[in-house]
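**Student:** Have a look at this one.
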């Protein structure tokens, strides 16, 4: 898929004669009957084409209220649902202000926050960042740290589910995405997770007297995602 940019390396694992060792592996691959080839640039081109299409064409792939796939903005399904910046803005506007809402929104778009600080509720999130414009930041020691772009590389975010299953060995990091005031920026995200009704919890082998259970078993339903 990288056309030789990234090399598949031969490797091995040795057994320690004195100490127990455990490694967890997650394999990500296409369907066994699916062929692959260089495509990252084609993915970018297709995504740009979608966003630059007419609204008539976009409506052909609108997202349903109870689905993650499709074109559209965040929907509000629960009274307690955490709202994004634009939803909070709308809730503060009185009836008179709403009359000029379209005009005001165009002005405010120049200083929006992008993607608000959050941690992913997935197992892992695979990101194909913009080729040149940075915007992704991680919260580390109370400070926001920019994530540099590695051209044609995939960025992997560890989500809440991996933190739970690893009993805290791997941490789900709070991150955000900033809007560049001068240049267009696009990042593509692929979310990897168990079935939405599948319960998860810390792996039994990771629970010991020295490392007690830190998390209870949870079920990641669609309502959980929209609420948090």
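**Student:** So, in the range 151-162, exactly how many residues are closer than 29 Å to residue 200 by Cα and either assigned to a loop (DSSP other than H, G, I, E, B) or touching a residue at least 40 places away in the same chain (Cβ under 8 Å) (or both)? Steps first, please.
**Tutor:** First pass over the range 151-162, keeping only residues closer than 29 Å to residue 200 by Cα: 154-162.
Filter again for either assigned to a loop (DSSP other than H, G, I, E, B) or touching a residue at least 40 places away in the same chain (Cβ under 8 Å) (or both), leaving 154, 159-161.
Residues meeting the conditions: 4.
**Student:** So if I check each of 214, 128, which one is under 28 Å from residue 39 (Cβ atoms) and surrounded by 12 or more Cβ atoms within 10 Å (Cβ to Cβ)? Give the derivation first.
**Tutor:** On the way: 214 fails: under 28 Å from residue 39 (Cβ atoms).
Just one listed residue meets the conditions, 128.
**Student:** Scan the range 143-155 for residues that are under 17 Å from the mean Cα position of the chain (by Cα) and surrounded by 12 or more Cβ atoms within 10 Å (Cβ to Cβ) and jot them down.
**Tutor:** Passing the criteria: 147, 149, 153, 154, 155.
**Student:** Would you be able to tell me the number of residues in the range 123-150 that are assigned to a strand (DSSP E or B) and in contact (Cβ under 8 Å) with a residue 40 or more places away in the chain?
**Tutor:** 7
Per-residue answers, yes or no, for (1) modelled with pLDDT of 90 or more; (2) out of contact with any strand residue (DSSP E or B) (no Cβ under 8 Å at 6 or more places or on another chain):
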site: 153; (1), (2): no, yes
site: 163; (1), (2): yes, yes
site: 167; (1), (2): yes, yes
site: 174; (1), (2): yes, no
site: 179; (1), (2): no, yes
site: 199; (1), (2): no, no
site: 227; (1), (2): no, yes
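The values are calculated or read from the model by the stated rules, or taken from the named source; none is laboratory data. For clarity, every value in this text was computed on a predicted model and none was experimentally measured. So basically every Cβ, Gly included, is an ideal-geometry build from the backbone, and we count neighbours across all protein chains shown.
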